[in-house]
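J.: One structure is given below, represented as structure tokens, and several questions about it will come after.
The values are calculated or read from the model by the stated rules, or taken from the named source; none is laboratory data. Bear in mind that the values here come from a model prediction, so they are computed numbers and not experimental data. When we count neighbours, we look across all protein chains shown, and the Cβ atoms used for this are built from the backbone with ideal geometry, even at glycine. Just so you know, the surface numbers come from the protein's heavy atoms only, side chains and all, with ligands and any DNA or RNA stripped out. Shrake-Rupley method; radii C 1.70, N 1.55, O 1.52, S 1.80 Å.
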Amino acid sequence: MKYFKPLLPFLLAFLPLTLFAQSFHVDMTKSVAAYTDETGYGIDDVVKRFSGENMTTQTNSQFISFKVPDGNYTVTMVIGSKKHAASTTVRAESRRLFVHDLITKKGKMETVSFVVNKRSPQIDEKTSVALKPREKTYLNWDNLLTIEITGDNPAVQSINVERNDTCPTVFLCGNSTVVDQNYDPWCSWGQIIPLWFNDQVAFANHAESGMATFSFLASHRLDKILSQMKKGDYVIVEFAHNDEKDTKPGKGAWYHFSYRMKIFIDQVSEKGGNIILCTPTHRRFWEDGNKIIKNTHGDYPDAIKAIAQREQIPLIDLSAMTKTFYETLGFEDSKRALVHYKRGTFEGQKTDFADNTHFNPFGAYEISKMIVMGLKQTNSPLAAFLRPLWQDFNPAQPDDWQNFHWTPSPLKEFAKPDGN
């Protein structure tokens, strides 16, 4: 038997789905036991999975996990309380936002549904995604589908989880400006964008901090996407921040980068997918007396536009929209969209944060709206899945950061994400 033990993780990954529970119903008004592999669901003490001085238990968050195979799952929740008014936020996996500050009056309930994509690193019996060391503790990559119930005064009556093999999936490729950041205060547009869409579409964010087109391909992340993709699915791609740092001959925007982008386009198209390209988000770098955002991306935005035009595929110009956004906010208020915080803002924070690349939750919230507007402007069929709560957005008229509310996560990290 000892000879077969190393093969068990691979064999279990390919067992028929019928051997796993495909649906769960949890009555949250009753005591829910702690998670066990035997029951396949339960309250999950996520904080105990992590260690270090950055972690905190000062939170309203409660986590419940479900043991399910890779795939999409429709989650339906009855939110509210018979005893008190409530304000509830729901996130899943690595802080993907699905319900944001839902206010319910005493005795009033609201039913909400959304689709969560659950994945693991395994692709087949021989290949898996080459995770970075930091990713190995991400909720995105474990063997559970995890839901976080949080908010100022959260209340949930029930949770229903059911496999969904029919809805289209939107796969996200990119770097730290796209990734599901596992820890506060970091946040990216890829983990906010599910908020705007209904339960007829799933988002699967495969981006990771520090990724360039070459490292994304080399670590089998596109292979993982292709292994899960159905005909008619979507792939949104945003790169350049890290590709542009390779300045050796032939490594620029017009040669190796453009060639690798063509690999994404060709392989997604061969599988029957629909690819959408994005120019990179601008860094908060200023010129002309701090009045104009400087282009630090060189030829990369123009190269991406040229590829999209040549290949006749949709383009979302995030470079243009983020330039307008930062310049509208101005030199000081633009800091409010990024990880700029004085020492002591967060429990255990010992130094000032002054990051001009990586977004905080407010910045990610605003950038996610730019992606949605890009989808609408390119007449993407995905716009049909927008929730009634969606309102069109103009980066020249951004939301007021002072009115934005975010319930902190118990998971914090003060180390800067890879890439810049």
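J.: If you build a Gaussian network model of the chain, linking Cα atoms that sit under 10 Å apart, which residue out of Ser113, Ser23, Ser94 swings the most?
T.: So, out of Ser113, Ser23, Ser94, the one fluctuating most is Ser23.
J.: Also, I was wondering about something else. Rounded to the nearest 20 debye, what is the charge dipole size of the chain about its Cα centre when +1 sits on each Lys and Arg Cβ and -1 on each Asp and Glu Cβ? Don't skip to the answer; put the middle values down first.
T.: Details: 48 positive and 48 negative charges, 86 e Å.
Using only the charged Cβ atoms, the result is roughly 420 debye.
J.: On to the next question. Say R0 is 35 Å: what FRET efficiency, to the nearest 0.05, do Asp399 and Lys126 get from their beta-carbon distance? It would help to have the intermediate numbers written out before the result.
T.: Details: r = 47 Å, r/R0 = 1.35.
After rounding, the FRET efficiency stands at 0.15.
J.: Within the chain, what whole-number % of the accessible surface is contributed by carbon and sulfur, with the 1.4 Å probe and all protein chains included in the calculation? Mind showing how you got there, number by number?
T.: On the way: 9360 of 18240 Å².
Taking all protein chains in place, the chain shows 51 percent carbon and sulfur surface.
J.: From the residues Cys167, Ile123, Tyr35, which one has its Cα farthest along the dipole of the chain in the positive direction, the dipole being from +1 and -1 charges on Cβ of Lys/Arg and Asp/Glu about the Cα centre?
T.: In the chain, that residue is Tyr35.
J.: Of Gly252, Gly298, Gly210, which has the largest mean-square fluctuation in a 10 Å C-alpha GNM of the chain?
T.: Gly298
J.: Mind checking which aspartates and glutamates have their Cα closer than 13 Å to the Cα of Lys82? Skip sequence neighbours fewer than 8 apart in that chain.
T.: List returned: Glu110.
J.: Starting from the Cα-Cα distance between Lys83 and Lys416, subtract it from 0.36 nm times their residue separation and give me the gain in nm to one decimal.
T.: Extra length available between Lys83 and Lys416 comes to 115.7 nm.
J.: Tell me the net charge near Arg283. Cut-off is 15 Å between Cβ atoms, Arg283 excluded, with +1 for each Lys or Arg and -1 for each Asp or Glu.
T.: Overall, the nearby charge balance is 0.
J.: Among DSSP beta bridges whose residues both lie in the chain, state the antiparallel percentage, nearest 5. If you can, show how the numbers build up before the last one.
T.: Details: 50 of 69 bridges.
Percent antiparallel among DSSP bridges in the chain is about 70.
J.: I would also like to ask the following. Considering only Cα-Cα distances, which of the following residue pairs are longer than 28 Å: Lys294/Lys369; Lys48/Lys335; Lys83/Lys369; Lys126/Lys305; Lys369/Lys412? Numbers along the way, then the final one.
T.: Values: Lys294/Lys369 22 Å; Lys48/Lys335 33 Å; Lys83/Lys369 35 Å; Lys126/Lys305 37 Å; Lys369/Lys412 25 Å.
Exceeds cut-off: Lys48/Lys335; Lys83/Lys369; Lys126/Lys305.
J.: Shape call for the stretch 135-182 from the C-alpha gyration tensor, a ≥ b ≥ c root eigenvalues: rounded (a/c under 1.5), prolate (a/b greater than b/c) or oblate? Walk me through the numbers before you get to the answer.
T.: Values: a/c = 1.86, a/b = 1.27, b/c = 1.46.
The shape class here is oblate.
J.: Rounded to the nearest angstrom and ordered from largest down, what semi-axes does the equivalent ellipsoid of the stretch 139-228 get from its C-alpha gyration tensor (root of 5λ)? The partial results should precede the final answer.
T.: Details: eigenvalues 127, 64, 28 Å².
Its equivalent ellipsoid spans semi-axes of 25, 18, 12 Å.
J.: What does the charge add up to near Leu195, with Lys and Arg as +1, Asp and Glu as -1, over the other residues with Cβ less than 11 Å from its Cβ?
T.: Numbers: positive: Arg91, Arg96, Lys369, Arg387; negative: Asp101.
Counting the neighbours of Leu195, the net charge comes to +3.
J.: Compute the Rg/Rh shape ratio of the chain: radius of gyration over Kirkwood radius, all on alpha-carbon atoms.
T.: Numbers: Rg = 21.1 Å, Rh = 22.2 Å.
Radius of gyration over Kirkwood radius for the chain works out to 0.95.
J.: Further question on the same structure: Stokes-Einstein D for the stretch 284-369 at 25 °C, 0.890 mPa s, Kirkwood Rh over Cα pairs, in µm²/s?
T.: The Stokes-Einstein estimate is 168 µm²/s.
J.: Given the options Lys67, Lys126, Lys230, state which has the largest fluctuation in a GNM of the chain using a 10 Å cut-off (strictly under) for Cα springs.
T.: Lys126
J.: Net charge within 9 Å of Ala337 by Cβ-Cβ distance, Lys/Arg positive one each and Asp/Glu negative one each, not counting Ala337 itself?
T.: On the way: positive: Arg284, Lys335, Arg336; negative: Asp333, Glu366.
So the environment of Ala337 carries a net charge of +1.
J.: Then there is this: How many percent of all Cα-Cα pairs in the stretch 110-192 sit more than 17 Å apart? Walk me through the numbers before you get to the answer.
T.: On the way: 2117 of 3403 pairs.
Value for the stretch 110-192 (Cα pairs over 17 Å): 62 percent.
J.: With labels modelled as points extended 7 Å from the Cα through the Cβ direction, what inter-label distance (nm, one decimal) is found for Lys342 paired with Glu110?
T.: Reported label-point gap for Lys342 and Glu110 is 3.5 nm.
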